[in-house]
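Nothing in this text is a laboratory measurement; each read-out follows from the coordinates by a stated rule. Keep in mind that what you see is a predicted model, and the values were worked out from it rather than measured. Cβ: placed from backbone, ideal geometry, glycine included. Neighbour counts: every protein chain shown.
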Amino acid sequence: MAGSLNKVMLIGNLGNDPEVRSTQDGRSLCTFSIATTESWKDKNSGERRDKTEWHRIVIFNEGLVRIAEEYLKKGSKVFLEGQLQTRKWEDKDGIEKYTTEVVLQNFNGNLTMLGGRNDNSSSDFGNDSISSESTSISSDMDDDIPF
């Protein structure tokens, strides 16, 4: 058994359209943020409460970058599997900053578009899964996800 595991699984909605850029060596990468929201009923007031977390996503897999660029947009609901990575960078004033991102690499990332054909928060595919192992699209019926 492995001594450690770095795996993240998220279901959420894109907070912005995917942005595709090229690295210095010419490879494509895609970035966007997704929101995950936890909801509960407050015991004291009985009011419904929400807590939203924002997650920065970076895709390095060329096939997934093309799919994200073509089919995802702000509001799309997705299921993602990737790894946490923290990187250090300097801002314009030379102050060191740290950013933690969910990264989908070439062999250990998964992107599944959720929602039905009539759902404005997703693509026209229905429930499609794109894995970085195969980068192929496998369409399912328009079944609703039971959660």
| note | When the charge dipole of region 54-115 is computed with +1 on Lys and Arg Cβ and -1 on Asp and Glu Cβ about the Cα centre, the Cα farthest towards its positive end, among L72, G115, F60, belongs to G115
| message | What are the ³J(HN,Hα) couplings of region 73-80, residue after residue, when phi is run through the Karplus curve with 6.51, -1.76, 1.60 and θ = phi - 60°? Round to Hz, x for glycine and proline. | response | 8, 3, x, 4, 8, 9, 10, 10
| query | Length gain on complete extension for the stretch W40 to K97, per 0.36 nm per residue less the alpha carbon to alpha carbon distance? | reply | 17.2 nm
